[in-house]
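Nothing in this text is a laboratory measurement; each read-out follows from the coordinates by a stated rule. Bear in mind the structure is a predicted one, so any value in this text is a computation, not a measurement. Glycine also receives a Cβ, built like all others from the backbone with ideal geometry; neighbour counts cover every protein chain displayed.
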Amino acid sequence: MDKRAVDVAVLSDLHLGTYGSQAEVIVGYLRSISPQLLILNGDIIDIWQFNKHYFPAAHLEVIREILNLLSNGTRVIYITGNHDEALRRYSGISLGNFQIADKLLLEINGRLTWIFHGDVFDNTTRGGAKILARLGSAGYGLLMQVNSFINNFIVLLGYERISLSKKLVAGVNKAIAAMNNMERIASELAIERHYDFVICGHSHQPCKKTISTNKGSVVYLNCGDWVEHSTALEYQNNQWNLNEYKKPVSQAANTGKGSPAINVITDEVGLHYHSLKETTI
Ligand SMILES: [Mn+2]
């Protein structure tokens, strides 16, 4: 398959390690491009909702594709997000053409693009509210189950069903307000700093628009996500484009071919990890 040459590709919110991540589609996209610079703009490996029993081969394949790009000369910058904030302590680390950073300023042909995940401007993921946001994302399905369970009881007792929809709508509205907040603050700061473009992730809302204030204007871009959308930002021919990846039909049959299924359940096998400090075993 011919790879499409792009100067820069920016993608975020892959949420690898969660059930929602469309890992096979991500692999398809990564195989379709040949970028000089690949920017992973946060929430790549979801450490918040990480379940040690769930990291399927397709998710590892994404990491392998990124390593492939690295070994073929692509420079890869991993910008930390809130779901992978555990990596923030490694910010500044550089291994060959791989780097970890919290934010990035990119200058191409004299024009400046400011790139960061965006959660720092979202107050629902800060401080005490962070715990609520975290419970919210992990417990949404559980909440719905509990709600229907309670309602079944209530109906049995002859009362009317309780609707959580009002509360949910209020929560969603709050989330939308928080995202608008992120977009506005990021753009205002970018305008003050005389940047030409600002790129965030985090909101899972792919976007490209000009935002103006009385101090000037900036192009606000959001790379979207790989849970609900399959979108990436690409810089080519001196401009940023929002690209929606469509998986080729023929690719579906190729995934996972050639590797036999592993049927040893390692969780049920005694594994003895030990370090050199230990004297026994
Ligand atoms: Mn995020």
Tally, over the range 192-231, of residues that are within 13 Å of the ligand (Cβ to nearest atom) and either more than 23 Å from the chain's Cα centre (by Cα) or of a type outside the set (D, E, K, R) (or both):
11
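Going through the range 35-46 one residue at a time, which ones are buried (at least 17 other Cβ atoms within 10 Å of the Cβ) and either more than 17 Å from Tyr245 (Cβ to Cβ) or small (Gly, Ala, Ser) (or both)? Walk me through how you get there before you give the answer.
Let us first name the residues in the range 35-46 that are buried (at least 17 other Cβ atoms within 10 Å of the Cβ), namely 35, 37-46.
Scanning the range 35-46 gives Leu37, Gly42, Asp43, Ile45, Asp46.
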Of everything in the range 73-116, what is touching a residue at least 60 places away in the same chain (Cβ under 8 Å), touching an Asp or Glu at 6+ places or on another chain (Cβ under 8 Å) and of a type in the set (S, T, N, Q)? Give them in sequence order.
Asn82, Thr113
